[in-house]
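The values are calculated or read from the model by the stated rules, or taken from the named source; none is laboratory data. Keep in mind the model is a prediction, meaning the values are calculated, not measured. Note that we place each Cβ from the backbone using ideal geometry, even for glycine, and neighbour counts take in every protein chain shown.
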Amino acid sequence: MKRLALLVPVTIGLMLSGCGLRPLYGGGGNGAVAKTLGTVEIVPMPGKAGWLMKNALDDRLAAMSSGSAQYRLEIELQDLITGYGLTADNATTRERRSLRARYRLVTADQGTVVLDATAGSDAGIDVVSSEYATIAAEDTALERLTGDVADQIIGRLALYAQRSGGAAEAPR
C-alpha cells in the first residue's frame, strides 16, 4: 500500500510534465508575465464603474509595477441594470446588473494594439420595498462585478504576456 501511495504522485507528476503545462506565473516576479504586467498603465475611465474598475486593476497590478509604462490598457465599460420579474401592478421584483468591458492593450511607444478583447459578468438583485436597500444592493453588485471583470482582464493579459514572452508583437 505504501508503494502505491508513492507511485501515484510520481506517475501524475510525470504525466503532467509531458503534456506541456507550465505555470502561468513561472519565474515569480522575474518571469515574463510579471514583468509585462508591471509595465501596464491603466487609462482612467469615466463614472463610478470606471473608478471602481481602475482601482480593482491597480490593486491587482500594484505588486508587479515597475514604474515604466510600455503598454496602455484602454477600457470601455458598459454598465446596465435591467428590471424583470414583474408583479401584477407592473412593479419590478428583480434586476440584473451587467458589466461589460471592451479592452485594448496598446504599446505606449507606437500605439499598436496588441490585444483587443472583451470581458463581462452579471449579477442578480432583489428589488425590495426599501429604496435604500435596493440602491445598496445595486452598488454592492457593481463592486463585485468590477472585481470579477478585472480578474478576467488580468488573466487574459497574463496569457498574452506568457504567449508573447513579454515582447510587443503584431495584432492578433
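Quick look at the numbers
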quantity: Conditions (1) among the aromatic types (Phe, Trp, Tyr); (2) in contact with an Asp or Glu (Cβ under 9 Å, 6 or more places away or on another chain); (3) surrounded by fewer than 16 Cβ atoms within 10 Å (Cβ to Cβ); (4) modelled with pLDDT of 95 or more; number of the one not met by TRP51; calculated: (2)
quantity: Residue count, the range 61-91 (criterion: surrounded by 14 or more Cβ atoms within 10 Å (Cβ to Cβ) and farther than 18 Å from LEU142 by Cα); calculated: 10
quantity: Residues being surrounded by 14 or more Cβ atoms within 10 Å (Cβ to Cβ) and either charged (D, E, K, R) or over 14 Å from MET53 (Cβ atoms) (or both) - total across the range 114-138; calculated: 10
